[in-house]
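Novice: First, the structure itself, so that you have it in front of you.
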Amino acid sequence: MSEFKDNYSFHFNEQPAFTNPLSLVSTGWERTTSPDYQWNGNERTGENVLLFQYTLSGYGLLQTSAHQYEVHAGQGFLVWLPSDHHYGLPNTSTHWEFLYVMFKGNELQTTTRDLVERVGSFFHASPDASSIKILRELHQLAKDGQIRDGYLASSLSYQFLLELYRLQSNVPFVQAPSYIQEAVQFITMHFATIDSIETLSKHTSVSRAHFYRQFRRYTGLTANDYLVKVRLEQAAMLLKQSKQSLDDIAHAVGFSSGHYLSKVFRQWIGLTPGSYRRSTSQATSGKLIVSPPLRPKKKRDTTNE
């Protein structure tokens, strides 16, 4: 198959009225066989532009400031434009066929910082993943002339990024290294007696920092949040199924006191343990499954820079 380009760019004067909407810049489907296909990220124009590129067949080469990756079918990368990176068709590859999409927005770096920090520039995505299906749909809508205003363009952009978040929050756990699976099993069995989360990394051959990064990648949570999640879910079960005091429940699941359990319970669930226990609402029936509360991003201290 020869080279082809099927690309579309967008400029809408009318945008969603809310502050700093996410805008769709362009999308495309390309196949290149030329070694001249090379892009230097430092030389790209624009500001606050995020590029996602996903390989369909063949492979390309991505070079960041820290790593070099061969980007094969089922793999993709996420980079800012401009930034310190380079990608293109290497001499060892016969072709590179890919889909891409670009977004921009004044708050884009803030809202997607966590995604980029978690997955880095390079990642895997099944062709059946929701994010890739939306990417294909987005390109097809552009090809059919159906993206006619900034509202739909912004909606599709948010849908794609949210599915990308979900994809990276749900890396199949069966793919996790054995030391991560063993750590999760240890928390599940010994949540009430774990004194420090640092003990989980002491019995592995990897650094503590690498262990924590991998734990978050495969569970979607920090190791500490995972431990708190298990303890709270057990506490919620005891609140509904027993008449134990709050202090007794706290000690049974690993909290130091009923007061501390109450504080964390309210932070995560939005109810006091007593309110949860008394509630007969359908919304609080059955096994409670929780996730960590949203936390503000820490601002970097630049006073000494």
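The values are calculated or read from the model by the stated rules, or taken from the named source; none is laboratory data. All of these numbers come straight from a predicted model, not from anything done at the bench. With ideal geometry, Cβ positions are generated from the backbone for all residues, glycine too; neighbour counts draw on all protein chains shown.
Novice: I'm trying to understand the selection: among the residues of segment 98-146, which are among the hydroxyl-bearing types (Ser, Thr, Tyr) and at pLDDT 95 or above?
Specialist: Scanning segment 98-146 gives a single hit, Tyr100.
Novice: For segment 249-270, name all the residues that are part of a loop (DSSP other than H, G, I, E, B) and surrounded by fewer than 16 Cβ atoms within 10 Å (Cβ to Cβ).
Specialist: Ser256, Ser257, Gly270
Novice: Kindly provide the set of residues from segment 187-212 that are surrounded by fewer than 16 Cβ atoms within 10 Å (Cβ to Cβ) and either polar (S, T, N, Q) or under 26 Å from the mean Cα position of the chain (by Cα) (or both), ordered by number.
Specialist: Within segment 187-212, Thr188, Thr193, Ser196, Glu198, Thr199, Ser205, Val206, Ser207, Arg208, Ala209, His210 meet the criteria.
Novice: Taking the conditions exactly as written (within 20 Å of Leu156 (Cβ to Cβ), of a type outside the set (Val, Ile, Thr), outside the structural domain of Thr219 (by TED's automatic domain parsing) and modelled with pLDDT under 90), does Ala66 satisfy them or not?
Specialist: no
Novice: Please enumerate the residues belonging to segment 235-248 that are part of a helix (DSSP H, G or I) and either of a type in the set (Gly, Ala, Ser) or closer than 15 Å to Ser275 by Cα (or both).
Specialist: Once the filter is applied, which keeps residues that are part of a helix (DSSP H, G or I) and either of a type in the set (Gly, Ala, Ser) or closer than 15 Å to Ser275 by Cα (or both), segment 235-248 yields Ala235, Ala236, Met237, Leu238, Leu239, Lys240, Gln241, Leu246.
Novice: Here's something else I'd like to know. Which of the residues spanning segment 238-251 are at pLDDT below 90 and under 16 Å from Ala192 (Cβ atoms)?
Specialist: Within segment 238-251, Ser242 is the sole residue that qualifies.
Novice: I've got another one for you. Confirm whether Gly41 is more than 26 Å from Asp149 (Cα to Cα), of a type in the set (Gly, Ala, Ser) and either outside the structural domain of Ser126 (by TED's automatic domain parsing) or buried (at least 17 other Cβ atoms within 10 Å of the Cβ) (or both).
Specialist: Considered against the rule, which asks whether it is more than 26 Å from Asp149 (Cα to Cα), of a type in the set (Gly, Ala, Ser) and either outside the structural domain of Ser126 (by TED's automatic domain parsing) or buried (at least 17 other Cβ atoms within 10 Å of the Cβ) (or both), Gly41 comes out as yes.
Novice: Hand me the list of helices (runs of 4 or more DSSP H) wholly inside segment 141-234 holding 3 or more residues that are in contact with a Phe, Trp or Tyr (Cβ under 8 Å, 6 or more places away or on another chain), touching a residue at least 60 places away in the same chain (Cβ under 8 Å) and among the hydrophobic types (A, V, I, L, M, F, W, C).
Specialist: Once the helices (runs of 4 or more DSSP H) in segment 141-234 are filtered for at least 3 residues that are in contact with a Phe, Trp or Tyr (Cβ under 8 Å, 6 or more places away or on another chain), touching a residue at least 60 places away in the same chain (Cβ under 8 Å) and among the hydrophobic types (A, V, I, L, M, F, W, C), what remains is 150-169.
Novice: Within segment 252-262, does at least one residue satisfy the condition of being under 27 Å from Arg166 (Cα atoms) and either at pLDDT 90 or above or β-branched (Val, Ile, Thr) (or both)?
Specialist: no
Novice: Give the residue that is farthest from Asn42 (Cα to Cα), with candidates limited to residues of segment 69-84 that are buried (at least 18 other Cβ atoms within 10 Å of the Cβ) and touching a residue at least 40 places away in the same chain (Cβ under 8 Å).
Specialist: Among them, the one singled out is Gln75.
Novice: Still on this structure, please answer the following. Considering only residues of segment 63-97 that are among the aromatic types (Phe, Trp, Tyr) and under 14 Å from Phe52 (Cα atoms), which is nearest to the chain's Cα centre (by Cα)?
Specialist: Among residues in segment 63-97 that are among the aromatic types (Phe, Trp, Tyr) and under 14 Å from Phe52 (Cα atoms), the one nearest to the chain's Cα centre (by Cα) is Phe77.
Novice: Take segment 223-270 and flag every residue that is basic (Lys, Arg) and within 29 Å of the chain's Cα centre (by Cα).
Specialist: Correct list: Lys229, Arg231, Lys263, Arg266.
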